[in-house]
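Any read-out appearing in this document is the output of simple, stated calculations on the displayed coordinates, not a laboratory observation. None of these values were measured; they are calculated from a predicted model. No Cβ is skipped: glycine too gets one built from the backbone with ideal geometry, and neighbour counts run over all protein chains shown.
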Amino acid sequence: MSDLEHSYDHVIIGGGVAADSAARAIRELDPEATIAIISADAHGPVHRPALSKELWHGEDPDPSSQDLHTAEETGAHLITATLVTELRPASHSLVTAGGQWAHYGRALLATGASPRRLREVHDPRVAYLRTVGDYRHLRELATEGAHLAVVGGGCLGPEIAAGLSRTGAQVSLAHAGRRILDHLLPASISEHLEQVYAEHGITLVPGYRLTGIDTGSDTQLTLHSESGEQLRADVTVLALGAELNTTLAARVGIELEHDAVVVDPRLRTSATDVYAAGDIAWFDDALLGPRHVEHVDNAQATGAAAGRNMAGAEEDLEHSPLLYSDLFDDGYEAVGRLDTALEVREEWNPERTAAVVHYLEDGVLEGVLLWNTWDAADRARALIAASQEGELSADDLARRITPGG
Ligand SMILES: Cc1cc2nc3c(=O)[nH]c(=O)nc-3n(C[C@H](O)[C@H](O)[C@H](O)COP(=O)(O)OP(=O)(O)OC[C@H]3O[C@@H](n4cnc5c(N)ncnc54)[C@H](O)[C@@H]3O)c2cc1C
């Protein structure tokens, strides 16, 4: 942590992936600009997805391997472990929790999200995973033979369970679905994943909706569910979704939608000279319309677009972000809406190791899942655009992208 100076051309509030991309974009366009990054995190920006992937199954468990080196490579003044508590757009200034203040020319809100917590439970054995500090804590808890219960059926829970299973801990994954990730993935893929998880010794607990955790009466935690089912564990990791960090924006009356910060195509908020990017930005997705997206590709793209515009580029964002995930030896990229409530059409390679899955609504392509199929996200975006513009019928989708190709 170092002290804030009193004036910067650009101040970035938040030290995540969007902040990193924005600082790089500003520096590229303006070699002379002064930039500050003020982050509540104790460390500089890291590649956050690695906290549930590479660091568990790669060779190097040290999170400094995922450092994005933002300050060194952009010359930005990085101020860590510092919460910005007040933004004053009228005077182009901000105040931190410690009472420091700074003036800015343009400010970027890149405050991301925090794990949804069980507020009434405060016990170090109840863990979350968002920051490097969280990762280090979880590493300490994941000892050989300990029983770890991961709760959460979104993208993160299954990744954390996969990571933890490599530590020698006994792992269970409790999720609300009937099958793992069955709200996103067709039955063929979720069945395959369940087999893989079983082969890695992970116990799956479907239909589980957590209602509370008993930390008191004995050495293990007891997790309670809506249906009365109890789980006992030495440690639990809760991956119950995220809450957007938009208090700062809300406090000054910046326009919000679904709790996210509304931005125009140049990533400008409703406050003069205040931009927003990353998880918190409510933007007009090039394919799917207004939304906010909690994925790293979106943080990179909106962060870069905001940074360029802060440095004077005057460019509209034209991007539809992709989602990716790795689960043991399988992985996927996806664009658009993945929702198994839609019509789902699958195409597999002959070995049935790779697939392209189309998600349609009323004959229009809404999303594409590229299962073990790489470098095809742009083609998938083009298919969705063509279908939505009526240039491609549902029957013409077949074999546009080769599974695994
Ligand atoms: C473990 C994990 C794995 C993931 N894996 C994937 C994946 O495989 N694929 C994928 O697409 N996405 C993944 N994501 C999501 C992706 O990492 C996020 O969408 C992305 O990091 C969001 O970037 P951001 O910069 O908007 O926010 P963040 O990275 O959350 O950064 C927000 C920053 O703002 C700071 N902050 C908040 N409030 C304040 C304040 N008032 N003052 C100062 N600083 C503040 C925080 O301390 C933090 O530094 C994963 C996320 C996690 C946690």
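What to note about this one:
- Positive-end extreme of charge dipole, region 117-238 - chosen from 162, 132, 143 (charges on Cβ): 132
- Here is the P(r) of the chain: all C-alpha pair distances, binned every 10 Å from 0, give 5, 21, 28, 26, 16, 3, 0 in whole percents.
- Computed lengthening from residue 352 to residue 88, 0.36 nm per intervening residue step minus Cα-Cα distance: 89.4 nm
- A helix-only calculation puts the chain at -6000 deg cm²/dmol for mean residue ellipticity at 222 nm, using -39500 (n - 2.57) for each DSSP H run of at least four residues, averaged over all residues.
- Most mobile of 44, 152, 98 in a GNM of the chain (Cα contacts under 10 Å): 98
- Residue 81-residue 398 FRET efficiency (beta carbon distance; Förster radius 56 Å; 0.05 resolution): 0.55
- Comparing 253, 241, 105 in a Gaussian network model of the chain, where Cα atoms under 10 Å apart are tied by springs, the biggest mean-square fluctuation is seen for 253.
- Put the Cα centre of region 65-89 next to the Cα centre of region 101-154 and the gap is 19 Å.
- Under 12 Å, Cβ to Cβ, from residue 184 - net charge with Lys/Arg +1 and Asp/Glu -1: 0
- In region 344-381, GluC sites (Glu not before Pro) in a DSSP loop with at most 11 other beta-carbon atoms within 10 Å: 351
- Relative to the Cα centre, the charge distribution of the chain, modelled as +1 at Lys and Arg Cβ and -1 at Asp and Glu Cβ, gives a dipole magnitude of about 820 debye.
- Cα-projected label distance for residue 100 with residue 339, points at 7 Å along beta-carbon direction, nm: 4.4
- Mean-position separation - Cα centroids, region 2-56 and region 262-304, in angstrom: 17
- All other residues whose Cβ lies under 11 angstrom from that of residue 299 are scored, Lys and Arg at +1 and Asp and Glu at -1, for a net of -3.
- Under 14 Å, Cβ to Cβ, from residue 250 - net charge with Lys/Arg +1 and Asp/Glu -1: -4
- For region 309-331 versus region 158-193, the gap between their alpha-carbon centres in whole angstrom: 25
- For residue 122 and residue 140, the difference between the fully extended length at 0.36 nm per residue and the C-alpha to C-alpha distance is 4.7 nm.
- Candidates 125, 251, 27: whichever shows maximal mean-square fluctuation once the chain is modelled as a Gaussian network with Cα springs under 10 Å: 251
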